[in-house]
Amino acid sequence: MKHDRFGQARVLSTAELDLLVSCLPAGPHPVIATVMRFTACRVSEALQLRWAHVQGPAVLFPAPITKRALKSREVPQHPVLAQALSEWRLVWPAWALKGAIDLNGAAGAERTLNGPQSEDYLFPSARNPRERISRQSFDLQLRRAVEVAGLPGTSSHSFRRSGLSAASAAGVPLRTLQSLSGHSSLQTLSLYLEVSDEAKRQAALSFA
């Protein structure tokens, strides 16, 4: 378990993930968490998404926003994620409005009220809709939520580890997981996956 930035991020159950997301403040932060939860992406990747990347049945992570910018990947949208993004599109203008007025006056406000454009960030800064929410801003809100939820050892990477570990436990092949997670190798991916005590017990019972 992670402690003082050392060790691996805690793997959370479905109930714990639900609790953690519910403890985040209203606005973009629960949606950011939902994107990470249902795509197993890194927080840096989620924050760089634009509306053009979520307009189809899958979330596109283009190579330039991925770690080491090696390869683009697509992750089909989970129904819960699709619903969250649909609801966020409706309230996105209100979130971006203040920053748009400060930046461009009435013209900026009018554009923002017309809704997000393809090139707009999915999660814009409230101070400037042309910029994205910073990782520091999200991490601050996540730390507060972790404390309220009572889930020590949790970090933004917990969403990624939890999703991949749950899929692995459900029997999803590692090659398939690798295509969704963007890991450079199966060996690297395997380091993310938590093996439950029950899985170990079942494995031990199958020994010849």
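Only the coordinates and a few stated rules stand behind these numbers; no lab work does. Remember, predicted model here, so these are calculated numbers, not experimental data. Glycine also receives a Cβ, built like all others from the backbone with ideal geometry; neighbour counts cover every protein chain displayed.
Structural remarks
- Cβ charges +1 (Lys, Arg) and -1 (Asp, Glu), total dipole of the chain, debye: 520
- The range 172-198 versus the range 135-154: alpha-carbon centroid distance in Å: 25
- Residue with peak Gaussian network fluctuation, the chain [Cα springs, cutoff 10 Å], from Ala170, Ala145, Ala84: Ala170
- Cα pair distances in the range 14-154, grouped into 10 Å bins until the bin that holds the longest one, percent each: 12, 41, 35, 12, 1
- Calculated mean residue ellipticity, 222 nm, the chain: -17000 deg cm²/dmol, from DSSP H runs (n ≥ 4) at -39500 (n - 2.57) each, averaged per residue and rounded to 500.
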